[in-house]
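Notes follow the structure.
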Amino acid sequence: MVKFKFSSTWRCDVVSFWKKNNEIDENNELELDLEHIPKHVAIIMDGNGRWAQQRHLPRIAGHKEGMNTVKKVTKIASDLGVKVLTLYAFSTENWKRPETEVSYLMGLPIKFFDTFVPELIENNVRVEVIGYIDQLPTATRAAVENAMEQTKDNTGMILNFALNYGGRAEITTVVQEIASKVQEGTLQVAEITTDLLSSSMMTAKLDQYQDPDVVIRTSGEIRISNFLLWQVAYSEFVFLETHWPDMNEIIFKQALVEYQQRNRRFGGLKK
Ligand code: IPE
Ligand code: IPE
Ligand code: MG
């Protein structure tokens, strides 16, 4: 078994509730099993604003640094053999933020893909997007569509951005589509199954990797914030104290080690 070794104290960074004080074994070496890397890793990249505020910088400085972190984590995940990396970049609720911040965030995909597409191609990474991209400013949408087009033949990791994405909106859209088909007589009520719903979600393009194996959220918030509500039914959750711009290779791998400690039962019995 191929393993990546860690020294002992990493768990201090994981928001691990009951484990925090009584189960950290200082002498225990934790290891990342490179043969059981989660196939779909989804990340709620949170804490950019607080990272900036702690440094007396404007919030947008945190978003800029967060973009560099996206580049680093993409490379790390792809090298580890992750099949899909979904990154929550902008929610359907983030429009509530001040106009200057929203407008900066809308410019980020343009900056990101302008400089990063060659490296994505070099690493055989395919870009995908889930979310209501038709509601994005034209230049943002064009940058995203261009990146998808330029990387469409890549066969390695899928870098899937959730951009103007919201889980409730997604489910609502699917319900509307299904109701329309029933109304026009092309679908029977009995044909509405969980499989049909799954294959109607925006994540359908991820094929067998639609549901995240693990959802990681940075910055200490312990909530889902409207992310992949349908798809996380049996995902594992790892909450980290680290703000997104401070995410690095060690912390990312620590989160995967935490995932590997879990026993996934899917309603069945322990293996
Ligand atoms: C995450 O960082 C990025 C987006 C939501 C776009 P935040 O901007 O939410 O940072 P905090 O939570 O205010 O620190
Ligand atoms: C979730 O973070 C959305 C993204 C990371 C894009 P938020 O910062 O918007 O979430 P809340 O408002 O703290 O729940
Ligand atoms: Mg936040």
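Read the figures in this text as sums done on the coordinates, not as results from a lab. Predicted, not measured: the structure shown is a model, and the values here were computed from it. In this analysis, Cβ positions are derived from the backbone assuming ideal geometry, glycine residues included, and neighbour counts consider all displayed protein chains.
How long are the semi-axes of the equivalent ellipsoid of the chain, defined as square roots of 5 times the Cα gyration tensor eigenvalues? Whole Å, largest first. Could you put the intermediate results ahead of the total?
Values: eigenvalues 178, 125, 70 Å².
Semi-axis lengths for the chain are 30, 25, 19 Å.
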### Query
Given the options I44, I158, I60, which has the most mean-square fluctuation in a GNM of the chain, springs set between C-alpha atoms less than 10 angstrom apart?
I60
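Please arrange K270, K111, K181 by how many other C-beta atoms lie within 10 Å of their C-beta, fewest to most.
Numbers: K270 6, K111 13, K181 16.
Listing K270, K111, K181 from fewest to most nearby Cβ atoms yields K270, K111, K181.
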## Note on the structure
Summing -39500 (n - 2.57) over every DSSP H run of at least 4 in the chain, dividing by its residue total and rounding to the nearest 500, the 222 nm mean residue ellipticity is -12500 deg cm²/dmol
#### Entry: Candidates W95, W244, W230, ranked by Gaussian network fluctuation over the chain, Cα under 10 Å, top entry
W95
### Message
If I build a Gaussian network model for the chain, linking alpha-carbon pairs within less than 10 angstrom, which residue out of A162, A190, A179 has the largest mean-square fluctuation?
### Response
A190
### Query
Ordered by residue, what ³J(HN,Hα) values in Hz, to whole numbers, does region 243-259 give under the Karplus form 6.51 cos²θ - 1.76 cosθ + 1.60, where θ = phi - 60° and Gly and Pro are x?
6, 3, x, 8, 4, 9, 4, 5, 5, 4, 5, 4, 5, 6, 4, 4, 4
### Message
Using amide H atoms built in the peptide plane, which far-off residues or other-chain residues are under 5 Å from L228 H to H?
### Response
G167
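Mind putting a number on the dipole of the chain about its Cα centre? Charges go on the C-beta only, +1 for Lys and Arg and -1 for Asp and Glu, and I need it in Debye to the nearest 20. Can you show the working numbers first?
Values: 31 positive and 36 negative charges, 94 e Å.
Roughly 460 debye, rounded to the nearest 20.
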